[in-house]
Amino acid sequence: MVDELIEEENVNENEHKELDDVSSGVSSDNLFLLKERYEINYNLPLREYDTNGAHAYEAKDRTNSNRELFALVCDKEFPRLSYLPYLKSIDSPHILKLVEYGQVIYRDAEIIALIYQRPTGARADIFNSDEEKMSVETFKSLTTSLLNACDVLKTFGLTHRAIRLDNIFYKDSTKQELVVGDCSAAFPSTYQPLIYETVENTLCPSYSRGNGSVDMDIYACGVVLTALALNHNITSEFSPQEMIKQKLRNGSFAFISGNEKIPGRMTAVLRFLLDDNPEKRIDYSQIINYFDGKTVNLAAVDSNDRSSKALIINSEKCYTRKSAALAILNNPDFGLEVIQSGKLLEWVKSGLGNEKLHGKISNLLSAEKENPDKRQLLAKVCIYLDSSFPLRCGDSYLFPEGLAKTIFYCKKNNISTSALNNLINSDIIKLWYQEQPYLRAPSNASEFKIYLSRRDLGYGLDRIMYDFDEDLPCISPIIGKAFVYNTSRLLAALNNNRSNFTHPPFDGNIIAYLRCKMGKKIDGIIVDVNANQDAIKIAAIIRLYANIQNKQGPAQLTNLTQWLINSAKPIIASYHNIKYQKYLEQELLKVSKSGKIMDIVDILENEEARIKDKTDFTEALKTANFLIAEKNKILSGDNRIDEEARDLALRFSSILSVLTMLSTFVFSIIYWMIK
């Protein structure tokens, strides 16, 4: 067959051609030229600029040697690709300038590198105990510069989620202004210490937090400014749960500052930057007005109604909606007991005096009375108590915005996704979004249940994952460890994979990724890929890959072309003419090294040949059916013919006997007369 023919034709001849072509970007002296302009020197690491899991190296602009640049090579984490075009267009004095970005070769891997303007000041986490205490004017300037950076990102619909001391630089040696560093070399908050995270985010692993909101960046700014005001770094030895309890009991400012003395004017600002109610955190415009002496409402009002009466859950006294929701989330068995016993409703009514909340929970209890899954009841009660908390999913927590990256993390690390399936199949996520005052559910969220219920290729959790988050790369096991961030790179990764050709060059993950990248125009392809006939499946994939190569490249895909040819056996077998099958094999063998998938399409998708084969087969089938019918007719008439033959033989024998007798008699008479 075709696979044997290709192996006999020296498959290894072009085995490393594509990688050799790509790797030519790295010179013998370990330099890489990005976009024919920016030279990255892998021999000169800049450790002080390493951040977010990326390694920094010296970079030069060949067209302007006076520019001070460095490159961040994203070799450990996946970058936030959707942010890069926006960050490149931003020109703010308080945001480190992203000059360029693109694909590079680093340690034989194809990854993304970010070219940044080199900061002119020192890193903010370098403290000098001999320095004088920070003045109020310096504090004002530092605060304004940090919040300005957050405000600029907000205007583009972006969040930083990596604001921390070791990722912030002074603008110059005067240390009067700050510049925030990279926010795109890794997924949001991947390297963020928990001390910089809000109470709600502390519950979640980093991959389940989502992109977050600007108020989370403002909270991180509060931690940075507190550390700068105290002139030392801030760390915590508490466990996440204990940290949450301490923050809720004493407030984030008291916990983070450790009750160290800070001038009163600074304290007022820091308290509102670190307010545990996100609606009360001051933003850039408010801080400008405050520093200008204008009237700004900075009253720390707790929107979570406080009760004078405690609700006891697992021996823990809860006085606010937030603390009650947290206690139920952490102690589901005790929380269910409090709910079913009516203690929660009584506390809401008499303690909080909140008739609206009482009505919501009461209606929920009536609606969920017959539902045996009490986890949904607990989740919905907690949403009504405080919708700022994440959702419990199995033994962990996630924000709905972090659902896609949670699926991604579980699939990449072979972790069970049964809890995610249960969450998506419920209406908990829908209720969570309904209770958010300023957040709307994604437009395609209503389709997630449908995606999950379908077992076809291109659906399930893979489809939800890629549909919900455009930053996620393809992680099909077929492509190995390649970093695939667009359809062209997918074909290149398949081409570089030298696995067994007997496996088709696609799977459910790849189909879901392509559907989310290419949209509805390939829905017809997906229908064919899920057909019952292998010939229809592989023909659809060949057409799809040929279309991608023609429009986006790469120009040469020798290995993938051979892989597709080897997978095309069902298409060849779908032709009925044995001679034509042999002809197709020979023609495919001729183009196996061309690297052009469209050549395969031209050979296998010959409409005239298909019509002729079908016509000839129909005629042959008709002739065969006629001959079979004649044979059956003859076979069914054998017994009757045998009887007729026997009767005819008897008659003939009788007649022959009479004739013999008559002839003997006549000859006897003649003989007598003569004699």
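In region 322-468, Cα pairs under 8 Å separated by at least six residues give a relative contact order of 19 percent. Among ILE669, PRO554, LEU274, flag the residue with its Cα farthest along the positive direction of the charge dipole of the chain, charges on Cβ as +1 for Lys/Arg and -1 for Asp/Glu. Final value for the positive-end residue is LEU274. Between the listed residues GLN436, THR120, ILE168, the Cα displaced farthest toward the positive end of the dipole of the chain, a dipole computed from Cβ unit charges relative to the Cα centre, is found at GLN436. A straight chain from ASP333 to ALA555 at 0.36 nm per residue would run longer than the Cα-Cα distance by 73.9 nm.
Taking the accessible area of region 118-270, probe 1.4 Å, and keeping the other protein chains in place, the carbon and sulfur fraction comes to 49%. Candidate cross-link partners of LYS582 among the lysines, defined by an alpha-carbon separation under 28 Å and a same-chain spacing of 8 or more, comprise LYS537, LYS569, LYS590, LYS593, LYS596, LYS612, LYS614, LYS622. Relative to the globular-protein estimate of 2.2 N^0.38 Å, the Cα radius of gyration of the chain stands at 1.48. Computed per residue of the chain from DSSP H runs no shorter than four, each worth -39500 (n - 2.57), the mean residue ellipticity at 222 nm is -15000 deg cm²/dmol. Computed from point charges on the beta carbon alone (+1 for Lys and Arg, -1 for Asp and Glu), the dipole magnitude for the chain about its Cα centre is near 1560 Debye.
For region 80-85, the Karplus equation 6.51 cos²θ - 1.76 cosθ + 1.60, evaluated at θ = phi - 60°, returns couplings of 7, 4, 5, 7, 4, x Hz by residue, with Gly and Pro reported as x. Multiplying the residue separation of ASP602 and ASN425 by 0.36 nm and removing their Cα-Cα distance gives an extension gain of 59.3 nm. Rounded to the nearest whole Hz, the Karplus-based 3J(HN,Hα) values (6.51 cos²θ - 1.76 cosθ + 1.60, θ = phi - 60°) of region 656-672 follow the sequence 4, 5, 4, 4, 4, 5, 5, 5, 5, 5, 4, 4, 5, 5, 4, 4, 5, with x at glycine and proline. Ligands, DNA and RNA are left out, and with a 1.4 angstrom probe the accessible area of the chain is 50 Å² per residue. Across the chain, Cα pairs under 8 Å and at least six residues apart give a relative contact order of 9 percent. Using a probe of 1.4 Å, the accessible surface attributed to LYS596 totals some 80 Å² when neighbouring protein chains are kept in position.
The 3J(HN,Hα) values that the Karplus relation (6.51, -1.76, 1.60; θ = phi - 60°) gives for region 91-96 are, in residue order, 10, 10, x, 10, 10, 4 Hz. Gly and Pro appear as x. Each of PHE139, ILE541, SER388 was placed along the dipole of the chain (beta-carbon charges, centred on the mean Cα), and the one lying farthest toward the positive end is SER388. Here the accessible area is traced with a 1.4 Å probe on the protein chains. For region 289-378, carbon and sulfur cover 47 percent of it. Can you pull the percent of region 435-484's accessible area that's carbon plus sulfur, 1.4 Å probe, other chains left in place? Whole-percent figure for carbon plus sulfur exposure: 49.
Straight Cα distances below 18 angstrom link LYS88 to the lysines LYS35, LYS60, LYS97, LYS154, with same-chain residues fewer than 8 positions distant left out.
The values are calculated or read from the model by the stated rules, or taken from the named source; none is laboratory data. Note that the structure is a prediction, hence the values are computed from the model and not measured. Cβ: placed from backbone, ideal geometry, glycine included. Neighbour counts: every protein chain shown. Ligands, DNA and RNA are excluded from the accessible area calculation, which covers all protein heavy atoms including side chains. Shrake-Rupley method; radii C 1.70, N 1.55, O 1.52, S 1.80 Å.
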